[in-house]
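Inspection log for the structure reproduced underneath, given as C-alpha cells.
The values are calculated or read from the model by the stated rules, or taken from the named source; none is laboratory data. Computed from a prediction, not measured in an experiment: that's the story for all the values here. Cβ placement follows ideal geometry from the backbone for every residue including glycine, while neighbour counts extend to all protein chains displayed.
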Amino acid sequence: MPSRAAQAGPGGFSYYDQVCLPENEKDLHWAHAGRCYRSQVVIRMNGRTGSRRRTEAYLLTLDDAGTWSPAALPDGTVSDGKVETYARCVEAICGPADTFFTSVFSAQGKRQLSTYRNGEIKALLADLLGQEDIRALGQKAGETARQLKAALAALRAEGAVFDAERQRLEDDARRWHGADERVKAAHASQQAAHEELEAARTHEASLMALQEQAKAIESRRAQLVEELAGARAEGDRTLQDLRTQDREATEQLARLDGRVAQRVAQARAQRERLEARIRSLHRVLADGGAVARAGRRLPLATEVVRRREDRVLALRDAVQDLARRRDAVAGLGQRLASLEREAGQAALQAEDLSRRLALSNRVPCSGMPMQGLCTLLSDAREAAALAPSAQQRIRQLAAERDSLRLELQALQEVVSLNVGAPQSLSRAECQSRRALARQTAYAALAARGAEMLQARAGLVEAEDELAALPPAPDSSAGAGIAIDTDSEAAERQQIIASRMRVAERVALLEAQTQAAIQRLQTAIDALPSPPDAAGLAHARAQVERWHGVLDEAERLHLAAVRDAQALAALSAQMEEHGRRRDAAAARTARVEQELANWLLFARCMGNDGLIALAIDDAGPTLSGLVNDLLLACYGPRFTVAIETLQETAKGEQREGFDIRVYDAESGEDKSVTAMSGGERVWINECLVRAVALYLAQNTGRRYDTLFSDETDGPLDPERKRMFMAMKRRVLELGGYAREFFVSQTPELTGMADALIDLEAMSVEGCST
C-alpha cells in the first residue's frame with residue numbers, strides 16, 4: 001500500500017522483514033485497456049542468516065493464445081526481473097506512479113494534496129497536463145548545465161593554474177630584472193680584480209728577493225741567540241742549585257724551631273696538667289669536713305629511717321582495716337534498705353489481707369445456702385488463714401532491722417575514730433622519704449673517706465713533680481720565643497752560616513750571568529734587521545685574497561650571463577603563456593555565457609517556467625471540476641481556487657502553490673490548511689477526483705476503475721451520504737465503470753451497489 005511505502009513504485013517498500021522462506025512470491029493479476037497483466041515479485045533470502053538478499057520483479061502479459069510472456073515496450077525495454085525495468089513497464093502502461101496513486105488509487109493514510117510542497121505538486125500537475133516532454137527538456141538542460149558547471153570549474157581551476165604560473169613567471173622576471181647591467185658590472189669587477197692580483201704578485205716577488213739576501217745575517221743572528229740562550233740556561237741551572245741549598249738550610253732551621261717549640265709545648269702541657277691536677281685535688285680535699293661530719297651522723301640517720309618505715313607499715317594496716325570496715329558499713333546499709341523494702345511489702349500484704357477479711361462480714365450471701373459458691377466469701381476465708389503468718393513476718397523483719405541498725409551504728413563509730421588514718425599515712429610516707437634521702441646523702445659522703453686519703457697522697461706527688469720541671473719562659477718576652485739548649489744553639493749557628501755563604505754565591509753568579517747576557521745582546525742588536533716576515537705573509541695573503549676576488553667576479557659574471565639568457569627565454573615563455581591564458585579566459589567566458597543560457601532554459605522548462613504557465617492555464621479547468629463536484633454533493637457553500645503565485649512579506653510575487661477555499665456561509669477566503677478535518681477531507685477528495693476527471697477528459701489516459709480506502713473517517717453520517725453522492729458524480733462525469741472503496745461505516749456500505757464481505761469469504765473458504 002502506498003501509505004506504508006517511502007515512495008511510489010516497487011522500490012519504496014522492503015519485504016525482507018515480512019517473509020521467512022528462502023524464496024517468496026507475491027502475484028497480482030490486473031487488467032488495463034482490455035489486456036490482462038500479471039505482476040510477480042520474488043523475494044529471495046539466501047544464506048543462513050538471510051544476509052544475501054535480492055528482489056526480482058516481473059511484469060507478464062497474457063496474449064491471445066492464453067500464454068504469459070514478459071511485457072515489452074516499443075523502445076525495446078523488456079521486463080527481465082530487474083526492479084527498474086519493471087517500474088518502466090508499469091509506468092508506460094498506467095502512467096507515472098505519483099499521478100496514479102494520487103488520482104486513481106487513493107490508499108489509506110495517503111498525503112493530502114494540501115500538504116504537498118511546491119515542487120511536488122508542480123511535478124504532479126506537470127504529468128497531469130502532459131508536460132513530460134517539457135520536463136524532459138528541462139532535465140536535459142539541467143544536466144547540460146551541471147556538465148557546464150563541472151567544465152567551468154575545471155576551466156576556472158585551469159585559470160587559477162595559469163594565474164599561479166603567471167605569478168611565478170613574474171616573480172622570476174623580477175628576480176632576473178637588470179641582468180644585462182649586472183653582466184657589465186661583473187665584467188668590470190673581473191678586470192679590476194685581475195689588475196689587483198697582478199700588483200699583489202709583483203709585491204710578493206720583491207719581498208721574496210729581500211728574504212734571500214738576509215739569510216746569512218739570520219744565520220749569525222741565530223748563533224748569537226743560541227749562545228745567549230745557553231748562557232741564560234747555565235746561569236739558571238747554577239742559580240737553581242744554590243737556591244736548592246738555601247731551601248734545604250731553611251728547612252733545617254724550620255725543623256730546629258719545630259723541635260724547640262715541641263719541647264717547650266710539652267713542658268708547658270706537663271706543667272698545666274700538674275697544676276690542673278693540684279687544683280682538682282684541692283677541690284676534693286675541700287669537702288673533707290663534710291665527709292667527716294657525714295660519717296658521724298650516718299648511724300643516727302639510719303635509725304631514723306628504720307623507725308619511719310615501721311610507722312608507715314603500721315599506718316598502712318590501719319588504712320586497710322578502715323577500708324574493710326567502710327565496705328562492711330556499705331553492705332549493712334544495703335541490707336537494711338532491702339529489709340525496709342521487704343517490711344513495707346509485708347505491711348502492704350497484711351493490710352490487703354485485713355481488707356479481704358473484713359469483706360466476710362459484709363457479703364450478703366453469708367449464712368445462706370449459696371455461700372459455698374461465693375468467690376468473695378472464699379477469698380475472705382483464705383485471707384483469714386494467711387493473716388497470722390503475715391503479722392509474724394512483719395515482726396520478724398522488724399527484729400532483723402533493729403539488729404542491723406545496732407551493728408551498723410557500732411561500725412560507724414569505729415570508722416569515725418579511724419577516719420584520719422589516710423592523712424597520717426601520707427605524712428608518715430613523706431617523713432620516711434625525707435629521712436631516707438638524708439641517710440642516702442650521709443652514706444654517699446661517708447663513702448668518700450678513702451678518696452680523701454688518696455687525694456692527700458696525690459697532692460704531695462703532684463707538687464713534687466711540678467717542682468722538678470724546668471722554669472717556664474718569661475711571658476713578658478713573647479709567647480713565640482723559647483730558650484735553646486747548648487746543642488740547639490750550636491746547630492742554629494751552623495745553619496745560619498751556611499745560608500750566608502749561599503747568598504754570597506748567588507749574588508756573584510747573578511752578576512756574571514748578567515754581564516755575559518749583556519755582551520751577547522749587544523752583538524745581536526748590532527746586526528741589521530731581518531726583512532718583515534709579516535709583510536711577506538701579508539703579501540701572500542693579498543695574492544690569495546685577490547685570487548678569491550677574481551674567482552668570485554668570474555662566478556658572478558657567469559651567473560649574470562646565465563640570468564640574462566634566462567631572462568630572454570622567460571620573456572618568450574611569458575608571451576606564450578599570455579596567449580594560452582587569453583585563450584583559456586575566452587573559453588571560460590564562453591562557458592559562463594552558455595551556462596547562463598542553459599540555466600535560464602532549464603528554469604524555463606522547469607516547474608517555475610512553462611510548466612507553471614501550463615498549470616496557470618489548467619488551473620481554472622481543474623478548479624471548475626472541483627467546484628462541480630462540490631456543488632453536486634455539498635451544495636454551493638464552498639468554492640475552490642488554485643493559486644500558483646504567492647506574495648512575500650516584501651510584496652513581491654514568487655512561485656508557489658496554495659488551494660484557496662471561499663466559504664459562502666461565513667464569507668471568508670482561507671487556505672485549505674486552515675479548515676477543519678472534515679472540510680479538508682471534502683476538499684481533498686474533490687481535488688483528487690477532479691485530477692482523475694481531468695486525466696480522463698484532457699489527456700486520454702483513462703481508467704475503468706477507481707479505488708479509495710477509508711477516506712470518510714472524519715465525516716458525520718449526513719456528510720458520508722453526501723460523500724457517496726460525490727463519488728457517483730465522479731463516475732458519471734469521468735465515465736468510469738466502477739469504484740472500489742473500503743469503509744467501516746454502515747451508512748456507506750448500505751449505499752454501495754455491491755458489497756464484498758471479506759470476512760464472509762474467509763469463513764466460506766475455511767469451510768470448503
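None of LEU630, LEU645 is assigned by TED's automatic domain parsing to the domain that holds PHE723, under 26 Å from LYS110 (Cβ atoms) and either in contact with a His (Cβ under 8 Å, 6 or more places away or on another chain) or not β-branched (Val, Ile, Thr) (or both) except LEU630.
Go through the residues of the stretch 19-37 one by one and say whether even a single one is touching a Phe, Trp or Tyr at 6+ places or on another chain (Cβ under 6 Å), at pLDDT 85 or above and surrounded by 15 or more Cβ atoms within 10 Å (Cβ to Cβ). Give the derivation first.
Within the stretch 19-37, the first condition is being touching a Phe, Trp or Tyr at 6+ places or on another chain (Cβ under 6 Å), and the residues that meet it are 30, 37.
Narrowing further to those that are at pLDDT 85 or above: 30, 37.
Narrowing further to those that are surrounded by 15 or more Cβ atoms within 10 Å (Cβ to Cβ): 37.
Scanning the stretch 19-37, I find at least one residue that is touching a Phe, Trp or Tyr at 6+ places or on another chain (Cβ under 6 Å), at pLDDT 85 or above and surrounded by 15 or more Cβ atoms within 10 Å (Cβ to Cβ), so the answer is yes.
In this structure, is ALA301 closer than 30 Å to LEU459 by Cα, assigned to a helix (DSSP H, G or I) and over 60 Å from the mean Cα position of the chain (by Cα)? When the stated conditions are applied, ALA301 does not pass them.
In the stretch 85-96, is there at least one residue being over 25 Å from VAL691 (Cβ atoms) and assigned to a loop (DSSP other than H, G, I, E, B)? No, every residue in the stretch 85-96 fails to be over 25 Å from VAL691 (Cβ atoms) and assigned to a loop (DSSP other than H, G, I, E, B).
Identify, from the list LEU630, LEU625, the residue that is under 24 Å from GLU732 (Cβ atoms), assigned to a helix (DSSP H, G or I) and touching a strand residue (DSSP E or B) at 6+ places or on another chain (Cβ under 8 Å). The unique qualifying residue is LEU630. Can you name the residue in the stretch 413-425 that is surrounded by fewer than 13 Cβ atoms within 10 Å (Cβ to Cβ) and polar (S, T, N, Q) and is also nearest to GLU303 (Cα to Cα) among such residues? Selected residue: GLN423.
For GLU248, are the conditions met, namely being within 30 Å of ALA507 (Cα to Cα), part of a helix (DSSP H, G or I) and modelled with pLDDT of 80 or more? When the stated conditions are applied, GLU248 passes them.
For the residues ARG326, ARG341, ARG279, ARG308, the requirement of being within 30 Å of ALA398 (Cβ to Cβ), modelled with pLDDT of 80 or more and among the basic types (Lys, Arg) singles out ARG341. No other residue among ARG434, ARG401, ARG393 is in the same structural domain as GLY331 (by TED's automatic domain parsing), at pLDDT 70 or above and surrounded by fewer than 14 Cβ atoms within 10 Å (Cβ to Cβ) apart from ARG434. Evaluation of ALA410 against the conditions (1) modelled with pLDDT of 75 or more; (2) surrounded by 13 or more Cβ atoms within 10 Å (Cβ to Cβ) shows that the sole unmet condition is (2).
Every residue, every condition in (1) within 57 Å of the chain's Cα centre (by Cα); (2) surrounded by 16 or more Cβ atoms within 10 Å (Cβ to Cβ); (3) at pLDDT below 80; (4) of a type in the set (A, V, I, L, M), yes or no:
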| position | (1), (2), (3), (4) |
| --- | --- |
| LEU599 | yes, yes, no, yes |
| ASP617 | no, no, yes, no |
| TYR634 | no, yes, yes, no |
| PHE638 | no, yes, no, no |
| LEU645 | yes, no, yes, yes |
| LYS650 | yes, no, yes, no |
| ASP658 | yes, yes, yes, no |
| SER671 | yes, no, no, no |
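Considering the stretch 88-106 alone, what residues qualify as being touching a strand residue (DSSP E or B) at 6+ places or on another chain (Cβ under 8 Å), surrounded by 20 or more Cβ atoms within 10 Å (Cβ to Cβ) and hydrophobic (A, V, I, L, M, F, W, C)?
Result: CYS89, VAL90, VAL104, PHE105.
Of all residues in the stretch 165-188, those that are among the small types (Gly, Ala, Ser), modelled with pLDDT of 65 or more and farther than 21 Å from ASP582 by Cβ total 3.
Based on what the data block shows, is PRO70 touching a Cys at 6+ places or on another chain (Cβ under 9 Å) and either modelled with pLDDT of 90 or more or surrounded by 12 or more Cβ atoms within 10 Å (Cβ to Cβ) (or both)?
Values: touching a Cys at 6+ places or on another chain (Cβ under 9 Å): yes; either modelled with pLDDT of 90 or more or surrounded by 12 or more Cβ atoms within 10 Å (Cβ to Cβ) (or both): yes.
Taking the combined requirement at face value, the residue satisfies it.
Entry remark, the stretch 262-298: residues being assigned to a helix (DSSP H, G or I) and of a type in the set (Asp, Glu) number 2 in total.
Give the residues of the stretch 651-682 that are in contact with a Leu (Cβ under 8 Å, 6 or more places away or on another chain) and not in a strand (DSSP E or B), sorted by residue number. Full working, then the answer.
Restricting attention to the stretch 651-682, the residues satisfying the condition of being in contact with a Leu (Cβ under 8 Å, 6 or more places away or on another chain) are 653-656, 659, 678, 681-682.
Passing the criteria: GLY678, VAL681, TRP682.
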